[in-house]
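As structure tokens, the structure follows; a few thoughts come after it.
The values are calculated or read from the model by the stated rules, or taken from the named source; none is laboratory data. These figures come from a predicted structure and were not determined experimentally. Glycine gets a Cβ as well: all are built from the backbone with ideal geometry, and neighbour counts include every protein chain shown. These accessible areas exclude ligands, DNA and RNA; they are computed on the full protein's heavy atoms, side chains included. Shrake-Rupley method; radii C 1.70, N 1.55, O 1.52, S 1.80 Å.
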Amino acid sequence: MRIVGIYGSPRAGGNTDKMLDAFLEGARQEGALVSPIYVRKLAMQGCLGCGGCDETGQCVVKDDMQNVYPLLEAAQGIVLASPVYFYNLTGQVKLLIDRSQALFMKKSLSAKAHPPSGPAASKEGKKGFLLSAAATRGKKLFDCARLTFTYFMDALGGHMVGELCLRELEGKKDVEKDLRWLSQCRAEGERFARSLTDGPVEADGAV
Ligand SMILES: Cc1cc2nc3c(=O)[nH]c(=O)nc-3n(C[C@H](O)[C@H](O)[C@H](O)COP(=O)(O)O)c2cc1C
């Protein structure tokens with residue numbers, strides 16, 4: 001099974017990088033083929049809102065996002081790791097998500113040409129998992145990130161199946177303060193990879 005791991009922080013080697021490293025290590029252990037994407041290394045711009053993809057399902061902007069589209073399309077699993085920035089995902093991740101509008105349009109055009117046959121179709125598709133970290137501890141801390149990721153998965157024809165969101169992590173190495181956190185990320189990665197072959201997995205909820 002193929003998993004895309006999206007490293008969403010501009011801070012290399014920080015909390016969410018470490019969380020995703022551990023998650024993907026677990027997934028690889030279960031036989032997953034992993035394609036990492038470091039958004040901080042991508043030269044890309046935001047969606048132009050030009051409507052070009054409405055007709056073709058292809059984005060008119062020719063930048064590094066063109067290398068990301070085939071990876072997102074081929075994956076059965078997508079795991080996104082992003083710190084919370086102003087109560088949402090990072091700006092770099094949001095650029096990638098906005099540009100995925102082309103994949104949403106491609107899916108819509110294909111569904112129009114070949115309508116799905118049967119009610120089971122909506123239960124299938126890609127599975128998504130969200131990893132996040134933030135410095136504070138508010139109840140709604142991850143709400144926006146979760147909502148954005150949920151609709152990103154929806155646009156890709158999939159759904160979010162789980163999350164691991166850690167509060168009170170500010171310094172670059174804070175996630176290492178409690179050894180259980182990265183072990184949990186690793187265990188979630190193993191479970192996620194197994195779910196891609198076994199069938200549905202239930203969400204675990206925020207920590
Ligand atoms: C621009 C910016 C905005 C941030 N906004 C929030 C926020 O709204 N809430 C919060 O709890 N932490 C916020 N943080 C803190 C980060 O989420 C936190 O330090 C996180 O652990 C960073 O993850 P990383 O090490 O993977 O980059 C912000 C940090 C930056 C640099």
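Could you grab the pairs with beta carbons closer than 7 Å, sequence gap of 6+ or different chains, first residue in region 1-19 and over 14 Å from V68 (Cα atoms) and modelled with pLDDT under 95, second one open to solvent by 10 Å² or more (accessible area, probe 1.4 Å) and polar (S, T, N, Q)?
Sorted first by the residue in region 1-19, then by its partner, the pairs are M1/Q76; M1/T197.
Name every residue in region 23-71 that is of a type in the set (S, T, Y) and farther than 27 Å from G162 by Cβ, in order of residue number.
Correct list: T56 only.
On the given criteria, is L48 under 15 Å from the mean Cα position of the chain (by Cα) and at pLDDT 95 or above? Spell out the reasoning first.
On the way: under 15 Å from the mean Cα position of the chain (by Cα): no; at pLDDT 95 or above: yes.
No; evaluated as a whole, the condition is false for this residue.
Go through region 122-159 and count every residue that is away from the ligand (no atom under 15 Å from the Cβ), at pLDDT 95 or above and among the basic types (K, R).
Residues meeting the conditions: 2.
Here is a list: R11, R28, R40. Which entry is within 16 Å of the ligand (Cβ to nearest atom), open to solvent by 50 Å² or more (accessible area, probe 1.4 Å), of a type in the set (K, R) and in a helix (DSSP H, G or I)? Spell out the reasoning first.
Working: R11 fails: in a helix (DSSP H, G or I); R28 fails: within 16 Å of the ligand (Cβ to nearest atom).
The match here is R40.
Please specify each residue of region 64-103 satisfying the condition of being of a type outside the set (A, V, I, L, M, F, W, C), in contact with a Leu (Cβ under 6 Å, 6 or more places away or on another chain), open to solvent by less than 20 Å² (accessible area, probe 1.4 Å) and closer than 16 Å to V39 by Cβ.
If the condition is that a residue be of a type outside the set (A, V, I, L, M, F, W, C), in contact with a Leu (Cβ under 6 Å, 6 or more places away or on another chain), open to solvent by less than 20 Å² (accessible area, probe 1.4 Å) and closer than 16 Å to V39 by Cβ, then S82 is the only one that fits.
Scanning region 143-182 for residues that are of a type in the set (G, A, S) and in contact (Cβ under 8 Å) with a residue 12 or more places away in the chain, which turns out surrounded by the most Cβ atoms within 10 Å (Cβ to Cβ)?
Among those residues, the one meeting the criterion is A145.
Only one of (1) under 29 Å from E55 (Cβ atoms); (2) under 20 Å from the mean Cα position of the chain (by Cα); (3) more than 16 Å from the ligand (Cβ to nearest atom); (4) not in a loop (DSSP other than H, G, I, E, B) fails for G162. Which number is that?
(1)
Which one is farthest from L196 (Cα to Cα), of the residues in region 123-142 that are surrounded by 14 or more Cβ atoms within 10 Å (Cβ to Cβ) and of a type outside the set (A, V, I, L, M)?
Of the residues in region 123-142, the ones surrounded by 14 or more Cβ atoms within 10 Å (Cβ to Cβ) are 125-135, 141-142.
Subset that is of a type outside the set (A, V, I, L, M): 125-129, 132, 142.
Values: G125: 10, K126: 9, K127: 8, G128: 10, F129: 12, S132: 21, F142: 25 Å.
Taking the candidates together, the pick is F142.
I'd like to check something: does region 94-116 contain any residue that is in contact with a strand residue (DSSP E or B) (Cβ under 8 Å, 6 or more places away or on another chain) and at pLDDT below 95?
no
On the basis of being of a type in the set (V, I, T), more than 12 Å from the ligand (Cβ to nearest atom) and either exposed (fewer than 15 other Cβ atoms within 10 Å of the Cβ) or part of a loop (DSSP other than H, G, I, E, B) (or both), does V61 make the cut?
Taking the combined requirement at face value, the residue satisfies it.
List every residue pair whose Cβ atoms lie under 9 Å apart, where the two residues are 6 or more positions apart in sequence or sit on different chains, the first residue falls within region 71-87 and is on the phi > 0 side of the Ramachandran plot, and the second residue, located anywhere, is open to solvent by 30 Å² or more (accessible area, probe 1.4 Å).
Every condition considered, the pairs that remain are F86/C144; Y87/K140; Y87/D143; Y87/C144.
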